[in-house]
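Trainee: After the structure tokens below, expect a handful of questions from me.
Every number here is computed from the coordinates shown, using simple stated rules; none is lab data. Fair warning: this is a prediction, and the values are worked out from it, not measured in the lab. Reconstructed Cβ throughout: ideal geometry from the backbone, glycine too, with neighbour counts over all protein chains shown.
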Amino acid sequence: MANPVIARCPICAESLSVARLECASCGTRIEGSFALGRFHQLGADQLDFLETFIRARGNFKDVERELGISYPTVRSRLDAMIRALGFPSQAEPDRENERRKEILRELAEGRIAADDAANLLEREPTA
């Protein structure tokens, strides 16, 4: 069996790209710079978790049972995997919304000026 493709340089840990594709059947070769897919961003433990999650058809109770971990741990690992794939987790928009509300509260209470609040809100990502 072929070795699995690695996504990070073993020397500097930066992302690697694929330089050549080759057909094992006809020998056709394509050279260039090709990006690895999102799933190459996951570590071995995350890939194992993903396989278990898929086998369990996303059922948290089955994942808990198979891996011998608690519901909060399943949730935490899933959120970490979602972030590693480049997607925002559900927890992130909540933090962003809370920060926006805090800025507006400070403005309403007169603790910051309107211009300062506007500048802060412009810098905050929207959910």
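Trainee: Note down the magnitude of the dipole of region 40-84 about its Cα centre, charges +1 on Lys and Arg C-beta and -1 on Asp and Glu C-beta and zero elsewhere, to the nearest 20 debye.
Mentor: 160 debye
Trainee: Just to confirm the number: angle between the C-alpha axis of helix 44-55 and the first principal axis of the chain, 0 to 90 degrees, nearest 10?
Mentor: The answer is roughly 90 degrees.
Trainee: With the Cα gyration tensor of the chain giving a ≥ b ≥ c as the square roots of its eigenvalues, does the rule (a/c under 1.5 for rounded; else a/b larger than b/c for prolate; else oblate) give rounded, prolate or oblate?
Mentor: Verdict is oblate for the chain.
Trainee: Which value at 222 nm does the chain reach when only helices count, each DSSP H run of 4 or more adding -39,500 (n - 2.57), with the total divided by all residues and rounded to the nearest 500 deg cm²/dmol?
Mentor: -15500 deg cm²/dmol
Trainee: Taking the Cα centre as origin and putting +1 on Lys and Arg beta-carbons and -1 on Asp and Glu beta-carbons, what dipole magnitude results for the chain, to the nearest 20 debye?
Mentor: 420 debye
Trainee: Next question. Please determine, in degrees from 0 to 90 and to the nearest 10, the orientation of helix 114-123 with respect to the longest principal axis defined by the Cα atoms of the chain, where the helix direction is its Cα long axis.
Mentor: 10 degrees
Trainee: Mean separation of Cα pairs under 8 Å and 6+ residues apart, divided by the residue count of region 9-104: what relative contact order is that in percent?
Mentor: 17 percent
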